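The values are calculated or read from the model by the stated rules, or taken from the named source; none is laboratory data. What you see is a predicted model, and the numbers here were worked out from it, not measured in a lab. Please note: Cβ atoms are built from the backbone with ideal geometry, for glycine as well, and neighbour counts cover all protein chains shown.
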Ligand SMILES: [Fe+2]
């Protein structure tokens, strides 16, 4: 087999194995209040990519879990055994080409009319109606067994989900238990069609609406308020011609505006209003709310192209972009279709991975959490080596109303992945709980799950893995009441 290149998985190599670890090694204390599971999705190449310049979000889907109960932790890691994975394992080689371009696939698997079949399912673990799904925005969600992580298969929710695609970032209304989700390129490659649905707390679709985006572009995340849905997008472009020419799915066009669809919850296609703003890279959001006629959203955004793997269509050279957390205001009482912007933390560049206490999604809130790189805290290359990717050494608690930032530093040989919030049982105060994030310990060549007390931003414990886990994309905490988890104690797995 062809060897993996040094840069195949973010400069640190692919993981490529499944694992079970019972009673993981622990430093410090595991809070007894952590009773549930921290689930993560990874992109991990099974075989080296067909094209060396393919996207870092193109690898196969892999899911891992840290199951917490009574102060002990079990770890499990499994491939997502979707059609793509099984086809390639059977053929014993890489069959699929560029990110979201089936025209570059091996003829034995190419299906340009049904591009969702080639999804890698590598982006976000999603809990919907008490079930666990592996999601990626180019295909249908795949249901997973929350205990074994076995792949149960793709789901179109009993035939009610009529888009070829499903977002990796649906949002749950903490007051009603409803889930709002959308799919873009819903009618196939480069289509402008969007499906937006509401699910009740049991996972049944109760409302749907279809409409078209201003132009076909990446629409990765969304926000909800108590009365509106916000769908951001723009900057990245695609077309049938581009795909038929064998190019990677997206190119960057800095001449196009960012766009933001504002839709009343439960509304119809005629109610959709598109706002626009300056060219922006917008991937993830923090939170949003409706205040009178105004819809207000916070999100990290860049001024220029974020994606080195998606080149400028005019041939401009790529320069790494900085994420700054911005507040966007959409005035529904005005006929002006432009939004206003405010940079909230102008001196701190973050990653795109803002998270909040999910019990406050759609509501007034105070804190966004995000891992980022503090350049004033030096990396110890004598022990950590020379990683080619960015070193994200801090978790920040960003106070969105007064500009304060509280920081936890991971250490001078550690690089963090996205943080997730786990609430303290019995508490309803925003931010009362723990922050969970996996860090690569580059000196020891292993991964460590750190547990930080969110109110004090002090570490309380960490779970040590005896290997370096593959590159995480997103993670989620699920309390034992959210999924049908089997107990750890009193049974042999
Ligand atoms: Fe994402």
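Among the conditions (1) touching a strand residue (DSSP E or B) at 6+ places or on another chain (Cβ under 9 Å); (2) surrounded by fewer than 23 Cβ atoms within 10 Å (Cβ to Cβ); (3) modelled with pLDDT of 95 or more, the only one that residue 39 does not satisfy is (2). Applying the criterion of being more than 22 Å from residue 389 (Cβ to Cβ) and surrounded by 14 or more Cβ atoms within 10 Å (Cβ to Cβ) to the residues of the stretch 465-485, the residue that is nearest to the ligand (Cβ to nearest atom) is 476.
Against the condition free of Cβ contacts under 8 Å to residues at least 40 places away in the same chain, touching a strand residue (DSSP E or B) at 6+ places or on another chain (Cβ under 6 Å) and either surrounded by 16 or more Cβ atoms within 10 Å (Cβ to Cβ) or farther than 23 Å from residue 389 by Cβ (or both), how does residue 439 come out, does it pass? Yes. In the stretch 353-375, the count of residues that are assigned to a loop (DSSP other than H, G, I, E, B), at pLDDT 95 or above and over 29 Å from residue 263 (Cβ atoms) is one or more. Scanning the stretch 390-435 for residues that are over 19 Å from residue 374 (Cα atoms) and not in a loop (DSSP other than H, G, I, E, B) returns 420, 421, 422, 423, 433, 434. For the stretch 342-353: of the residues being surrounded by 15 or more Cβ atoms within 10 Å (Cβ to Cβ) and away from the ligand (no atom under 16 Å from the Cβ), which is farthest from residue 222 (Cα to Cα)? Top of the filtered list is 348.
Taking the numbered list (1) part of a loop (DSSP other than H, G, I, E, B); (2) in contact (Cβ under 8 Å) with a residue 24 or more places away in the chain; (3) over 17 Å from residue 475 (Cα atoms) in turn, residue 137 passes all entries but (3).
Scanning the stretch 204-217 turns up at least one residue that is crowded, with 20+ Cβ neighbours inside 10 Å, within 16 Å of the ligand (Cβ to nearest atom) and within 29 Å of residue 96 (Cβ to Cβ). Any residue at all in the stretch 104-119 that's within 16 Å of the ligand (Cβ to nearest atom), closer than 30 Å to residue 20 by Cα and buried (at least 24 other Cβ atoms within 10 Å of the Cβ)? For the stretch 104-119, residues within 16 Å of the ligand (Cβ to nearest atom), closer than 30 Å to residue 20 by Cα and buried (at least 24 other Cβ atoms within 10 Å of the Cβ): present. Being free of Cβ contacts under 8 Å to residues at least 12 places away in the same chain and either more than 24 Å from residue 130 (Cα to Cα) or more than 16 Å from the ligand (Cβ to nearest atom) (or both) is the requirement here; does residue 173 meet it? For residue 173, the condition - free of Cβ contacts under 8 Å to residues at least 12 places away in the same chain and either more than 24 Å from residue 130 (Cα to Cα) or more than 16 Å from the ligand (Cβ to nearest atom) (or both) - is not met. A count restricted to the stretch 408-426 and to residues that are farther than 19 Å from residue 461 by Cβ and surrounded by fewer than 20 Cβ atoms within 10 Å (Cβ to Cβ) stands at 2. Within the span defined as the stretch 479-488, one or more residues are under 14 Å from residue 420 (Cα atoms) and outside any loop (DSSP other than H, G, I, E, B). Against the test of being assigned to a strand (DSSP E or B) and within 16 Å of the ligand (Cβ to nearest atom), the options 195, 231 yield a single qualifying residue, 231.
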